[in-house]
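Below is one structure, written out as structure tokens; the observations come after it.
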Amino acid sequence: MTITLPEHRTLALLAPALTTHHYTPDQLQPIRLGASSIWRIPHAGLIWKASPPALSRRAELAVRAAQWLADIGIPAVQAIPGDNTPFAYTDEHITVTAWKDLGPHREASSRELATCLRQLHTHTPPRWLTTNAHLEKDLHPLNAITWITDHERQAIRSILRDQQRYAATAFNPADNVPLHGDAWPGNVACCEDGTVRILDLERMSAGNRAYDLATIAVKATVIGQYAPAIHYKTATTYGLDVTELPQWPHLRLNEMSKAAIYALTVAEHNTAARSDAQHRLDCLLGLRGPGPHTWRPLPVAPGAQYEDDDAASTADENASADKPPK
């Protein structure tokens, strides 16, 4: 959850990997730049994802998860590991994973997302998936934020600790399923051949299915990234409305904390986003009443490209969303 890093800086870190695979910088096309950057290598039909060493464990998990999904017949991004290693390249500065380029594709509809999640959730999680690992927040960005107070920073940490403690007993472990960990339409791709593939597997874990459904519920009913009807269509297709569960306040707060930390990080360099980021933080800390709250999409600085874009969705179904069922 960080904002764009300079392209030249990322290319400098990638230089040894390019040399190893006999590529040149001009053969790379940036798709997304951030703490992890994504690059297309058109002539090779590849996508490279480059991450700092601190995120190498997530990168390795993504490759292992992709291979497991292929084994159980669930379409997902296809990893291309190196010889005896999940990485295409790794050193003390950068870790690179390689993936087959999906080609032209679009964001999933709410029904496609729900169908994809239902398919995933029918399986037993493999033992190597850590329970509730998706609740672990990367606090490095939080530590680097200079414009909030130490009291606010500690309050956020306290909320995250409370959420993790609550999660340990919130659901029956016997009901655990494989979780995507960041399930929203942008992480499910609908390819030209009609295949629906799961993307961004770095946060996969084991846990209750409600956590995956809570992501789109909060994006649609709190953050404003999607129209509320998108949540209702997802819930109807899946067969579960998490907003009606007794654990909904926990699920909602978990997703709100993720979105609030993201906003605070963006606002570190984009001062136009600070008012909205402060509002999110105040809501998270209970300073804006019990809610429910509705957040505006963050204003985007000119020329900025965010790693987890929080701007309002441009999906066709969002523009003409169905009314929620009575």
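Here are a few things to note about the model shown:
- The shape of the range 49-129 can be summarised by an equivalent ellipsoid whose semi-axes, obtained from the alpha carbon gyration tensor, come to 25, 16, 12 Å from longest to shortest.
- Cα centroid of the range 78-97 to Cα centroid of the range 188-238, whole Å: 28
- The protection proxy used here, the mean number of other Cβ atoms lying within 10 Å of each residue, ranks peptides 198-204, 169-175, 130-136, 209-215 as follows, highest first: 209-215, 198-204, 130-136, 169-175.
- Calculated diffusion of the range 6-109, Stokes-Einstein form, Kirkwood radius summed over Cα pairs, 25 °C and 0.890 mPa s, µm²/s: 174
- Given +1 at the Cβ of Lys and Arg, -1 at the Cβ of Asp and Glu and no other charges, the dipole of the chain around its Cα centre is 620 debye to the nearest 20.
- Calculated FRET efficiency for the pair T236/A174, C-beta based, R₀ 30 Å, to 0.05: 0.70
- Working from label points 7 Å from Cα in the Cα-to-Cβ sense, the Y166 to E244 distance is 2.1 nm.
- Highest-first packing order for the peptide set 108-115, 154-161 is 108-115, 154-161, based on the mean count of other beta carbon atoms within 10 Å.
- Take the Cα of R127, step 7 Å toward its Cβ, do the same at D71, and the gap between the two points is 1.2 nm.
- Peptide packing for 286-296, 93-103, 68-78 was compared via the average number of neighbouring C-beta atoms within 10 Å per residue; ordered from the highest value, the list is 93-103, 68-78, 286-296.
- The sum of -39500 (n - 2.57) across all DSSP H runs of n ≥ 4, divided by the residue count of the chain, sets its helix-only mean residue ellipticity at 222 nm to -12000 deg cm²/dmol.
- Fraction of alpha-carbon pairs over 28 Å apart in the range 133-266 - percent: 19
- Label-point separation in nm, R111 to H151, each point 7 Å along Cα→Cβ: 5.2
- Annotation for the range 8-37 versus the range 131-181: alpha-carbon center distance of 32 Å.
- Among the GluC sites (Glu not before Pro) within the range 1-109, those in coil by DSSP and having at most 16 neighbouring Cβ atoms inside 10 Å are E92.
Throughout, read-outs are computed from the coordinates displayed, never taken from laboratory work. Everything quoted here is computed from the prediction, not taken from an experiment. A quick note on method: Cβ atoms are made from the backbone with ideal geometry, for glycine too, and the neighbour counts reach across all protein chains shown.
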